[in-house]
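Enquirer: Take a look at the following structure, please.
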Amino acid sequence: MALNTLDDFNALDGLDTPEGFDAILLLFVTPYLERQDVIALLQDCRALLNDGGLLYLASMEDDYQESGYQSSSAGDRVFIHYYPEVFFVSELAAAGFELIDSLRKPYLEQGEVKATDLFLYAKAV
């Protein structure tokens, strides 16, 4: 099922998924969510995943105190939330996940490190 519009996402409320999902991808969603929303999202993902299902989470890593407004190349300002890996590991475990692996990759802009991208792979237990 392709989700291309807000109406497509809203239609998920009535989606009957008795068998659940085998995988969920959260690709750079968490930088736009406050802490309590990230926790709720992880819990919701676990509720939707079959036992043994996989969660792939990509985010921007830093101390939470570094969160703040950033400007895009187009000049738009958006609030970015940073989270350290330890936050995700703790909340994944609390939601019923087992961490499989993690990876960090520097995000370069004009040859300069601007952020650290964090990739986490977890299994629903």
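Enquirer: Could you tell me the distance between the Cα centroids of the stretch 37-58 and the stretch 81-109, to the nearest Å?
Expert: Going from one Cα centre to the other spans 13 Å.
Enquirer: Cβ under 15 Å from CYS45's Cβ, CYS45 left aside: what net charge do those residues give with Lys, Arg +1 and Asp, Glu -1?
Expert: Details: positive: ARG46, LYS123; negative: ASP22, ASP37, ASP44, ASP51, GLU91, GLU98.
Here the count lands on -4.
Enquirer: Over the chain, give the accessible area per residue in Å² for a 1.4 Å probe, as an integer. Could the numbers behind the result be given before it?
Expert: Working: 8100 Å² over 125 residues.
On a per-residue basis, the chain sits at 65 Å².
Enquirer: Now, a different point. Carbon and sulfur together cover what percent of the accessible area of the chain at a 1.4 Å probe radius? Mind dumping the intermediate values first?
Expert: Working: 4120 of 8100 Å².
So the carbon and sulfur contribution to the accessible surface is 51 percent.
The values are calculated or read from the model by the stated rules, or taken from the named source; none is laboratory data. What you see is a predicted model, and the numbers here were worked out from it, not measured in a lab. Using ideal geometry, Cβ is built from the backbone for each residue, glycine included, and neighbour counts are taken over all protein chains shown. In case anyone asks, the SASA skips ligands and DNA or RNA and just uses the protein heavy atoms, side chains included. Shrake-Rupley method; radii C 1.70, N 1.55, O 1.52, S 1.80 Å.
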